[in-house]
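Report on the structure given below.
Any read-out appearing in this document is the output of simple, stated calculations on the displayed coordinates, not a laboratory observation. What you see is a predicted model, and the numbers here were worked out from it, not measured in a lab. In this analysis, Cβ positions are derived from the backbone assuming ideal geometry, glycine residues included, and neighbour counts consider all displayed protein chains.
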Amino acid sequence: MESVLKSPTVVCNASQATKADEAKSQPVKPWLARMAMSEMTTFRWSLLDDVAHYRAEGIEALSMWRRKISDFGDERTVELIRDSGLTVASLSSAGGFTGHGGHSLRSAIDDAREALCLASDLQAGCLVVVAGSRAGHTQKHVRQLLRDALVQIGDVAAQCNVPLALLPMHPSFAKETSFLTSLDETLDVLHNCQHPFVGLAFDLFQLSQTPDLAGRVADALPWIKTVQLSDVRATSRSNNDRLLPGEGVLPVREIIEQLEAGGYQGHYDFEIWSEELWKQDYVQILQRCRDSFQRLAPLHGRQSLSAGV
């Protein structure tokens, strides 16, 4: 196992200053500047369409998907983002470290290293990673595989100055995507890993079955690298049936209030996987997302909006 996990040193273009140090030196962002639009929300648009329309609608950050980048080309994407002035809140995704689907641990780690180098070039806030399914391993073994992989890739993440954000998945995705299907399981992995560049992607849909999710924010806060917003119906019709934040049954406003009260200063990524919304006018969807984010602003955010900040 040790020989599989070893890899050459990766040299990225990022500064070696930590993002925490950078954040301390930056002024507090106005509320709307902390909204990020996921490219999966505008699933049918190309990367060029995403960038042009996000800018036109006053959205300052996006969360990028490697599939769209692959279609456009890595170098062209980096140049496009730099010219656009948009901030990359996160890059998705890498992972699958358990051998599911015939992918070896080595290939998964190599792919994550490539993704980190791309994330560094894009100056992304984090790289979202998924664990992989259990794939016939015992619970103890699969957790050890993941822990070892995260430590290995976490060292590369530190070189690239791009933290990893481990994403727990809804139980409906356990067989294909991740054996981590709860907040407690994911926090346990992070505690065992104890790597400063390995944290949590706090996704409201994926964690929607967590009892008193708003009350669990304090437990998750030390680990959160990004927050992914969406809402759910009382009874979902499919795995791609998410709603805009505030339009379903989740206590989205309370969760945001708890995050802000606890000192979270990162982006809120509108990640709406919805077969229904994917068929609609995307410009109108962007406008609805922006309006939703304004309505969900915590007290200090509402004050800055009213002041025109």
Plugging the Cβ-Cβ distance of D184 and V283 into 1/(1 + (r/R0)^6) at R0 = 45 Å yields, to the nearest 0.05, a FRET efficiency of 0.65
Here the FRET efficiency for L299 versus R82, based on Cβ atoms and R0 = 30 Å and rounded to 0.05, is 0.25
The chain, Gaussian network, Cα under 10 Å: of D281, D50, D74, the residue fluctuating most is D281
Taking a crude spin-label model, label points 7 Å out from Cα along the C-beta direction, the E57 to Q209 distance in nm is 3.1 nm
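Rounded to two decimals, what is Rg over Rh for the range 164-309 when you use alpha-carbon atoms and the Kirkwood radius? Intermediate results must be reported in sequence, preceding the final value.
Working: Rg = 15.6 Å, Rh = 16.1 Å.
Computed over Cα atoms, the ratio is 0.97.
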Computed ³J(HN,Hα) along the range 79-91: with the Karplus parameters 6.51/-1.76/1.60, θ = phi - 60°, integer Hz and x for glycine or proline, the list is 5, 4, 5, 4, 6, 6, x, 6, 8, 8, 6, 7, 10
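At 37 °C and 0.692 mPa s, grab the translational diffusion coefficient of the range 29-306 from Stokes-Einstein with a Kirkwood Rh over Cα pairs, rounded to a whole number in µm² per second.
Values: Rh = 18.9 Å.
Diffusion coefficient, whole number: 174 µm²/s.
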For the range 224-272, the Cα-Cα pair-distance distribution in 5 Å bins from 0, as whole percents, is 5, 21, 28, 22, 15, 7, 3, 0
Between H103 and A261, Cβ-based FRET efficiency (R0 51 Å, step 0.05) works out to 0.80
Cys in the chain lacking any partner Cβ under 4.7 Å -> C117, C126, C193, C289
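With charges set only on the Cβ (+1 for Lys and Arg, -1 for Asp and Glu), what does the dipole of the range 29-306 come to about its Cα centre, in debye to the nearest 20?
On the way: 27 positive and 35 negative charges, 55 e Å.
About 260 debye.
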By the mean-Cβ-within-10 Å protection proxy, highest first, 228-236, 124-132, 155-163 rank as 124-132, 155-163, 228-236
Of all DSSP beta bridges having both residues in the chain, the percent classed as antiparallel (nearest 5) is 5 percent
Under the Karplus relation with 6.51, -1.76 and 1.60 and θ = phi - 60°, whole-Hz ³J(HN,Hα) for the range 31-44, x at Gly and Pro, equal 4, 5, 5, 9, 8, 10, 9, 6, 5, 7, 5, 9, 4, 7
Relative contact order as a percentage, the chain, C-alpha pairs under 8 Å and 6+ apart, gives 19 percent
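If each residue of separation counts as 0.36 nm, what is the full-extension length gain between D155 and A218 once their alpha-carbon separation is subtracted?
Contour length minus the Cα-Cα distance gives 20.0 nm.
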Residue span Q194 to E247: 0.36 nm per residue of separation minus Cα-Cα distance leaves a gain in nm of 15.4 nm
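Only bridges whose two residues both fall in the range 175-309 count here: according to DSSP, what percent of them are antiparallel, nearest 5?
On the way: 2 of 9 bridges.
If we restrict to bridges inside the range 175-309, about 20 percent are antiparallel.
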